[in-house]
Each structure stands twice: as C-alpha cells, then as structure tokens.
1. Is it the case, given these coordinates, that Asp131 is touching a Cys at 6+ places or on another chain (Cβ under 6 Å), among the charged types (D, E, K, R) and buried (at least 23 other Cβ atoms within 10 Å of the Cβ)?
2. What about Leu90, is it farther than 25 Å from Ala46 by Cα and buried (at least 19 other Cβ atoms within 10 Å of the Cβ)?
3. Starting from the range 167-193, keep only residues that are closer than 16 Å to Val126 by Cα, then list their pairs with residues that are among the acidic types (Asp, Glu) and within 16 Å of ligand 2 (Cβ to nearest atom) whose Cβ atoms are within a distance under 7 Å, requiring at least 6 positions of separation or different chains.
4. Does any residue of the range 68-78 turn out to be crowded, with 17+ Cβ neighbours inside 10 Å, part of a loop (DSSP other than H, G, I, E, B) and either within 12 Å of ligand 1 (Cβ to nearest atom) or without any contact (Cβ under 8 Å) to a residue 40 or more places away in the chain (or both)?
5. Counting just the residues of the range 179-200 that are outside any loop (DSSP other than H, G, I, E, B) and either open to solvent by 20 Å² or more (accessible area, probe 1.4 Å) or of a type in the set (S, T, N, Q) (or both), which one comes out modelled with the lowest pLDDT?
6. With the requirement that a residue be within 15 Å of Ala128 (Cβ to Cβ), open to solvent by 40 Å² or more (accessible area, probe 1.4 Å) and not in a strand (DSSP E or B), what does the range 10-59 give you?
7. If a residue has to be farther than 22 Å from Ala155 by Cβ and without any contact (Cβ under 8 Å) to a residue 60 or more places away in the chain to count, how many in the range 4-35 make the cut?
8. If you scan the range 113-128, which residues turn out to be open to solvent by 10 Å² or more (accessible area, probe 1.4 Å) and of a type outside the set (Lys, Arg)?
Amino acid sequence: MSKKEASANYMRKQQAIFACPVCHEEMTVTEQCVVTCKNRHTFDIAKQGYVNFMTHPATSMYGKDLFDARKEIIESGIYAPMHENVVELLKTFGQNLTILDTGCGEGSHLAMIKKQFEEITTNIIVGAGIDIAKEGIIAAGRNYEDLIWCVGDLAKSPFQESSFDVILNILSPANYSEFERLLKPNGVVVKVVPQSGYLRQLRELFYADSDKESYSNDRTVERFKEHFSDVEVKRITQTVTIAPEMVSMLIYMTPMGWHQTADTSSNQVEEITIDLDILIGKV
Ligand SMILES: C[S@@+](CC[C@H](N)C(=O)[O-])C[C@H]1O[C@@H](n2cnc3c(N)ncnc32)[C@H](O)[C@@H]1O
Ligand SMILES: [Zn+2]
C-alpha cells in the first residue's frame, strides 16, 4: 500500500473531525485519496501523506532548511523535559486522546509526545498537526506515520468544533477563539512559550549590548489567562552541553536571520539553555 493510501485509510477512520475550510460542511475521505465535502470542495492527499487545506496563498518565512534543522535539534533531545511534562499531563486524562498540534512545523514534537505517551500507557493518541508552512508539513508527512498532517491556516482550520481533547501550541502563534471552538467541553490548551533564558547563549552571541538580549513573556501569559480558566504555569529550565556541529543547526532553526548577522567564526557556544513556560488552561 502506498503512503498516500495508508494516510487516506488512517484519515478515513477519523474523518468526523474534518470540516470543509470553504463551506464548513462535513467531509469524507474517499478511496481516491481525496478529502471532499458535499459541495465538492476537494483537497488531495499528497504522496507524502499530508493534505493541503489552504484556501488562499500564503508565504512563509520558514523553509525546508529551517525545518530540517528543527528536526535534528528536537531529536537531539534538548526539549525532552518539556515533552515529559506534557506526557505526564496527558496521562492524567486516563483515556484515549484526540490532540491537535497548532503550528506543528515539521511534526517532531507531536510525534515524540505520541510515542512516549503510548509507550507508558495503554491509551492511544489520535493526533493531527496543522501548519501554514508547506515545507514543514511535507517533512512531517514524510517522517511520521499514523498522524494527520495538514497544511492550513489556523484562521481557517479544516476541523469541526469540539473535536479535540487537547490543543498543543508549541513556540508558535496562537488563535484563542479558534482554540475555544475546536476544544471539547473538558478540553485543555497547552501552550509552550520561551522564558527569559531560552537560547540565552545564542542571544548573547547575536545581540550583545542590545535590548533584544533580554526577553519577557509576561504579556503572553497575561493574554492566555484572559482566555482560559484554571491556568497553571510550569517552568522548565535546563542547560545542556551541545556538540559543536549542533551550533549551526541551532542558529539555523530560528527564523530571525541570526545566521546573517552573527559572527560565529569563534563559535564559543558550548552549552545551551532551554528555558520554557508551559501554560495549561481550560476552556
Ligand atoms: C517557531 S515555529 C515552531 C514550529 C514547531 N512548533 C516547533 O517548535 O518546531 C512557528 C510555526 O507556526 C506556524 N504558523 C504561523 N502562523 C500560522 C497560522 N496562521 N496557521 C498555522 N500555522 C502557523 C509557522 O509556519 C511555523 O511553522
Ligand atoms: Zn465545502
């Protein structure tokens, strides 16, 4: 069976979560590997096993090289404490879960969280990832099976209301009204945002003596609390040694063009700090 057919079969079992991004009707995943509504708005499943639900053109500053770098960095394990925390939280549901990763990029966070969760519980995760950057979703489709990968804009997402137990939003822009629409009544949003020490060593390298050296997420946390109830904030801080060849990967995985402005010739970065807040809230 081709990858495309395998994805179509997997998506068909979950087709109740889809809503047409044009007319909002229910959708069907056909034997011909297309996702379609009764008004014949039709979206093909690509050979890498993802679906492009975009209804308007979008440009992204995130390209293939950035996503390749993010995959290597995430797989190197530097986000492991964050993944463990999220898995612990998911375990507390004590049931199978439907999860949407919003702004999932190349999909490694969702794939690793699903794998770890399923290793330590008897429950399963039905997971979907959405991102406006096609290059990210192509990589996700190519690398991770048994997950649903969608190119799409969160502002026009292809999902029915009340479809997800958990929404993940990791280092990505949020759309809170959409999160509220998509979550089931007891659903939870898990948003991961940088804290002041996040990638500190890189920032020092690039922005020495400038304001950008320090960073506060106060406003983001405040906005999150305005939208969700019972908010919990968990801080994850860890400094790890990194191999020299990972430094350029780290620089490359950021969208800020740091690689253009920095003098990395002396390459004095030997360790890196991961400093994140995990914001957990209920609808
Ligand atoms: C910094 S990246 C993080 C990606 C991934 N979560 C990770 O940590 O590797 C932010 C992501 O948000 C996506 N994004 C931005 N606006 C979006 C939108 N309106 N709808 C869907 N994705 C969006 C970008 O394309 C990008 O992949
Ligand atoms: Zn339609």
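The values are calculated or read from the model by the stated rules, or taken from the named source; none is laboratory data. Model, not experiment: these values are computed from the prediction. Cβ: placed from backbone, ideal geometry, glycine included. Neighbour counts: every protein chain shown. Ligands, DNA and RNA are stripped out before the accessible areas are found, and what is left, the full protein with its side chains, is counted by its heavy atoms. Shrake-Rupley method; radii C 1.70, N 1.55, O 1.52, S 1.80 Å.
1. yes
2. Values: farther than 25 Å from Ala46 by Cα: yes; buried (at least 19 other Cβ atoms within 10 Å of the Cβ): yes.
Yes.
3. Note: pairs meeting the criteria are Leu182/Glu161.
4. yes
5. Only one residue tops the list, namely Arg200.
6. Listed by number, the residues that qualify are Arg12, Lys13, Gln14, Gln15, Ala16.
7. Number satisfying all stated conditions: 14.
8. The answer is Gln116, Glu118, Glu119, Ile120, Thr121, Thr122, Asn123, Ile124, Val126.
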